[in-house]
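S.K.: This is the structure, below, for whatever I ask next.
Bear in mind these aren't lab numbers, they're just calculated from the coordinates by the rules spelled out. Just so you know, these numbers come straight off a predicted model, no measurement behind them. Cβ sites come from the backbone with ideal geometry, for glycine too, and all protein chains shown count toward neighbours.
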Amino acid sequence: MYSERLERLDTQYLVETAEGIELQAQLAGPVPRALAYLIDVSIRTLVVMLLSLPLMFAGKFGTGLMLILTFLLEWFYPVVFEVFRHGQTPGKKCLQIAVVNDDLTPISWGTSIIRNLVRFADFLPFAYLAGLISMVLNGNFQRLGDLAAGTLVIHRSQSDEPFSLPQASPQTPPLPLDLEEQMAIVGFAERHQQLSDERQQELAEILQAITQRRGQEAVTYLRGIGAWLLGAR
Amino acid sequence: MKQQDFEQSYQEQWQRLERLLNGDTQTSSEANAEFPELYRHVCHHLALAKHRRYSPHLIDRLHRLVMDGHHQLYRHSARFRYQLVRFILLEFPLAIRRNSPYVFAAALLFVLPIVLMGVGCYLNEELVYSVSSPQQVRMMESMYDPGNEHLGRESDSASDLAMFGFYIKNNIGIAFRTFASGILFGLGTIFFLLFNGVMIGSIGGHLTQVGYVDTFYPFVIGHGAFELTAIVFSGAAGLKLGFAMVDPGPYSRLTALRIAGRESIAIVYGAGLMLLIAAFLEAFWSSSQELSRTVKYSVGALLWLLVLVYCGWGGRSRRGSQSH
């Protein structure tokens, strides 16, 4: 099947819910995850540096607090954010990725703690080599901690900006269109803000043999068919 | 139905769900009552939109709504405080006994090098230098020198706190690493257990050999009850993880790993708590100068008894009286 082949190639992850709906998510690969990690490490280092200044003057008492603090930051910084901030540490938030359970439900304490403790094994022998190998071998980009906890890192897109159809009077298609063709034309109309004018003309002129129109006229005509297909009359 | 009619008919429901998910509603109970039904409606709309091949933009929007709703509906509730008590009284000791083969294996991997290195370093005074540098050995000796005015190290409440921090970072870190590296087919856990056993055994054997018995053992007996057992437990958790990778049994390797992870993390929680107690004892009790050796030995023995009874019998009567 067409869609099955697509699944194998794509980084798309599908889960069927109890409602009979297929939820899908885009898996995040090693690069955004590494970048998010770097941001988090920088933030952590900065926090330690800022706190160590006043604590330095607090003598041994300060040393004790500092040690406890670095311990907590080392092991539980990601856990706290993942549980309370919808699976996003500050670094993950910057790159718009998030940790979820592999049924795409929000991550809980237990799973977050497992994946972040096993992080130590991912780091071995150096620079997250074990984690990287695990990610590459695994179809879902899971590092060892993800495998043990049953978690995924996915892209979480921000909501789109408000969306408008182009101004075009609805046109009846000159001949019956099958579903794929309808989708292509509707998509063409809907994406009018994302494509340059030249590119739109170029695309519209592919159908010159049928539409008998060139240039901007062809674009407007296709947009009209798109509007008609969406239900405008 | 054309897409625009579809959007018009259901727009209101989608916006209501959006508002519910964003949290700006009048009363929460009203929202709670309305939410599941609304969510299922929108699920249905998404299925229709997909089936009718409506435009990606609409499907994306519905999908995002459904996804957020899914997160909301299937959130795991965390009643943490109640769970902690139940965990200490019931779940932790039961988890340990359920996994006793791993506990015994970890204990063997840890205790055997302690005994071997201990006896070895006691009989052969050179052996300790094969695992520690002369400086380290000299530092250890100076810490437990009976001629010292201060036992262990100089002690006041501020330095006690500094050591408390050190023990937390160091010891709980060791426990976490021992557990985590178990995922590498158990090899990491085995390494950490053996390594720590060798280090502890060599120090104990060497200090006994140079005759610091009366300072070393009273110091370690109290917190050792929690610390040494906790290291064994975290090792057991790591071995369980590793064994799931080596022999997944009837499951796929991934499923076996996940099941083992769920179970073994409970043991790691417990080991972490025990190490917290151990760090507290080591910083504020073991280092105390005023207490006599007799007191330290007897309290230490009591603590060992307590830990062993807790792990061996904890949670048992509860399970007997209300078995389910």
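S.K.: Show me A:224-230, A:111-117, A:121-127 ranked by packing, highest mean number of other Cβ atoms within 10 Å first.
M.R.: A:111-117, A:224-230, A:121-127
S.K.: Go through the range A:202-209 residue by residue and turn each phi into a ³J(HN,Hα) via Karplus (6.51, -1.76, 1.60, θ = phi - 60°); whole Hz please, and just put x for glycine and proline.
M.R.: 4, 5, 5, 6, 4, 8, 4, 4
S.K.: Separate question: Compute the Cα gyration tensor for the range A:179-230, then decide on rounded, prolate or oblate, letting a ≥ b ≥ c be the square roots of its eigenvalues: rounded whenever a/c is under 1.5, prolate when a/b is larger than b/c in the other cases, and oblate in all that remain. Kindly include the intermediate steps, with their values, before the conclusion.
M.R.: Numbers: a/c = 1.68, a/b = 1.15, b/c = 1.46.
Verdict is oblate for the range A:179-230.
S.K.: Here is a further query. Summing -39500 (n - 2.57) over the DSSP H runs of n ≥ 4 in chain B and dividing by its residue number, what mean residue ellipticity at 222 nm do you reach, to the nearest 500 deg cm²/dmol? Intermediate values should be presented prior to the final figure.
M.R.: On the way: 14 runs with 242 residues, N = 324.
About -25000 deg cm²/dmol.
S.K.: Moving on to the next point. Within 15 Å, Cβ to Cβ, of residue A:47, how many net charges do the neighbouring residues add up to if Lys/Arg are +1 and Asp/Glu are -1?
M.R.: Local charge sum for residue A:47: -1.
S.K.: In nm, to one decimal, how far is the modelled label at residue B:170 from the one at residue B:262, with both set 7 Å along Cα→Cβ?
M.R.: Once both label points are built, they end up 3.8 nm from each other.
S.K.: In the range B:228-314, which chymotrypsin sites (Phe, Trp or Tyr not before Pro) fall in coil by DSSP and have 13 or fewer other Cβ atoms within 10 Å?
M.R.: Counting only loop positions with at most 13 other Cβ atoms within 10 Å, the chymotrypsin sites (Phe, Trp or Tyr not before Pro) in the range B:228-314 are B:251.
S.K.: Quick one: if the Förster radius is 25 Å, what FRET efficiency do residue A:129 and residue B:191 give, using the C-beta to C-beta distance and rounding to 0.05?
M.R.: Once the sixth-power term is evaluated, E becomes 0.90.
S.K.: Can I ask one more? Across the residues of B:157-169, average count of Cβ atoms on other protein chains within 10 Å?
M.R.: 6
S.K.: Still on this model: Show me the ranking of peptides B:195-208, B:58-71 by mean Cβ neighbours inside 10 Å, starting with the highest.
M.R.: Order by mean packing, descending: B:195-208, B:58-71.
S.K.: Also, I was wondering about something else. What number, rounded to the nearest 500 deg cm²/dmol, is the helix-based mean residue ellipticity at 222 nm of chain A, given -39500 (n - 2.57) per DSSP H run of at least four residues and division by all its residues? Could you put the intermediate results ahead of the total?
M.R.: Numbers: 12 runs with 135 residues, N = 233.
Helices in chain A give a 222 nm mean residue ellipticity of -17500 deg cm²/dmol.
S.K.: Compute the distance in nm between two label points, each set 7 Å from the Cα along the Cα-to-Cβ direction, one at residue A:208 and one at residue B:291.
M.R.: With each label point 7 Å from Cα toward Cβ, the separation is 9.4 nm.
S.K.: If you don't mind, there's one more thing I want to ask. Just tell me how shielded B:56-69 is by partners: mean number of partner chain Cβ atoms within 10 Å of each residue's Cβ, no decimals.
M.R.: 4
S.K.: In chain B, which whole DSSP H runs stretch at least 24 Å along their own axis (Cα) and average 1.6 or higher on the Kyte-Doolittle scale?
M.R.: In chain B, the long hydrophobic H runs are B:100-123.
S.K.: Around residue A:77, under 10 Å between beta carbons, what's the net of Lys plus Arg minus Asp minus Glu among the other residues?
M.R.: Within the 10 Å Cβ shell, the charges total -2.
S.K.: Separate question: With r defined as the distance between the Cβ atoms of residue B:133 and residue B:8 and R0 fixed at 60 Å, what FRET efficiency is calculated, to the nearest 0.05?
M.R.: Working: r = 79 Å, r/R0 = 1.32.
Working from the Cβ atoms, E equals 0.15.
S.K.: Using alpha-carbon positions, what is the distance between the centroids of the range A:26-47 and the range A:60-109, in Å?
M.R.: 12 Å
S.K.: Quick one: go through the range A:62-93 and flag any residue whose amide nitrogen is under 11 Å from the point 7 Å out along the Cα-to-Cβ line of residue A:42.
M.R.: A:91
S.K.: Also, quick follow-up: Enter the mean number of other protein chain beta carbons within 10 Å of the beta carbon of each residue in B:2-10, as an integer.
M.R.: Numbers: counts 6, 5, 7, 2, 2, 2, 1, 0, 0.
That works out to 3 on average.
S.K.: Taking the Cα centre of the protein assembly as shown as origin, sum charge times position over the Cβ atoms of Lys and Arg (+1) and Asp and Glu (-1), and report the length of that vector in debye to the nearest 20.
M.R.: 820 debye
S.K.: Quick one: what Rg and Dmax do you get for chain B from the alpha carbons, in Å?
M.R.: Calculated on Cα positions, Rg and Dmax stand at 28.3, 93 Å.
S.K.: Further, regarding this structure: Once label points are set 7 Å from the Cα along Cα→Cβ at both residue B:97 and residue A:24, what is their separation, rounded to one decimal in nm?
M.R.: A separation of 5.1 nm, rounded to one decimal place.
S.K.: Could you tally the net charge around residue A:18, taking each other residue with its Cβ under 11 Å from the Cβ of residue A:18, Lys/Arg +1 and Asp/Glu -1?
M.R.: -2
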